[in-house]
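Only one structure is covered here, and it is reproduced in the block below.
The values are calculated or read from the model by the stated rules, or taken from the named source; none is laboratory data. Note that this is a predicted model, so its numbers are computed, not measured. No Cβ is skipped: glycine too gets one built from the backbone with ideal geometry, and neighbour counts run over all protein chains shown. Heads up: the accessible areas ignore ligands, DNA and RNA and are worked out on the full protein's heavy atoms, side chains in. Shrake-Rupley method; radii C 1.70, N 1.55, O 1.52, S 1.80 Å.
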Amino acid sequence: MNCVSIDKKVPSFTSQATSEQTITLSELQGKNVVIYFYPKDSTPGCTTEGQNFRDLINEFEAANTLIFGVSRDSLRAHENFKAKQSFPFELISDPDETLCKLFDVIKLKKNYGREYMGIERSTFLIDSEGVLKQEWRGVKVKGHVDEVLAAAQAL
C-alpha cells in the first residue's frame, strides 16, 4: 500500500470505530476530515490532545470538519477513553496498523533507553474531495489543535 502525500487523494479505507461505527473515508465526501494519530489511550499527552479537539469541536463543525482519533488500542479501551473524556468524536481502532501504515506514522521510538516501534503523534487534514491538504508529524501537543483548526477554516 502506498503512503499518503500532500495534494493527492487519500485512498479510501474502512475502519472500526467507537459507538459501533464503521468509518469509510469515501463516504465522508463533502466534509473535511481531520485524522489524528496518537500513541495510547489515557496517557497524559494523548488525553490533553483529545481534550483540545473536544473543546474546539463547535469550531471544527462550523468549518465543516469531522475529527477522528486513531491508535492501536482496542475498541473497548477507546470506548472507555472516549466516555471518560466526553469526546464528541469517534476513535478508530487500528490494531493491525492498516491506517498507521497508510499514513506512515509507525516510527522507531525510545523510552527510558528502550527502542520500539510506535505511533508518532501526527495529524492529517483531508479536504471535502478526499485530498490530503496538510500534515503535521512529530506533533507537540501544546497549540497544535489551534493550528489544525486554522488550517481547516482556511479550506
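Only one entry in Gly50, Gly45 is under 27 Å from Ala154 (Cβ atoms) and touching a Pro at 6+ places or on another chain (Cβ under 9 Å), namely Gly45. Against the test of being touching a helix residue (DSSP H, G or I) at 6+ places or on another chain (Cβ under 7 Å), among the β-branched types (Val, Ile, Thr) and open to solvent by 10 Å² or more (accessible area, probe 1.4 Å), the options Thr43, Thr47 yield a single qualifying residue, Thr47. Flag: Asp104 matches the condition of being surrounded by 14 or more Cβ atoms within 10 Å (Cβ to Cβ) and part of a loop (DSSP other than H, G, I, E, B). Listed conditions (1) farther than 21 Å from Lys142 by Cα; (2) among the hydrophobic types (A, V, I, L, M, F, W, C); (3) surrounded by 20 or more Cβ atoms within 10 Å (Cβ to Cβ) are all met by Ile35, apart from (1).
Within segment 55-63, one or more residues are modelled with pLDDT of 95 or more, surrounded by 15 or more Cβ atoms within 10 Å (Cβ to Cβ) and of a type in the set (Asp, Glu). Among the conditions (1) touching a strand residue (DSSP E or B) at 6+ places or on another chain (Cβ under 8 Å); (2) charged (D, E, K, R); (3) open to solvent by 20 Å² or more (accessible area, probe 1.4 Å), the only one that Glu27 does not satisfy is (1).
Counting just the residues of segment 118-155 that are outside any strand (DSSP E or B) and of a type in the set (S, T, N, Q), which one comes out nearest to Ile23 (Cα to Cα)? Ranking the qualifying residues of segment 118-155, first place goes to Ser128.
Restricting attention to segment 79-99, the residues that are among the polar types (S, T, N, Q), closer than 16 Å to Ile67 by Cα and open to solvent by less than 70 Å² (accessible area, probe 1.4 Å) add up to 2. Answer yes or no as to whether Ile119 is touching a Leu at 6+ places or on another chain (Cβ under 8 Å), surrounded by 13 or more Cβ atoms within 10 Å (Cβ to Cβ) and touching a residue at least 12 places away in the same chain (Cβ under 8 Å). So Ile119 fails the test. Within segment 76-97, the set of residues being aromatic (Phe, Trp, Tyr) and assigned to a loop (DSSP other than H, G, I, E, B) comprises Phe87, Phe89.
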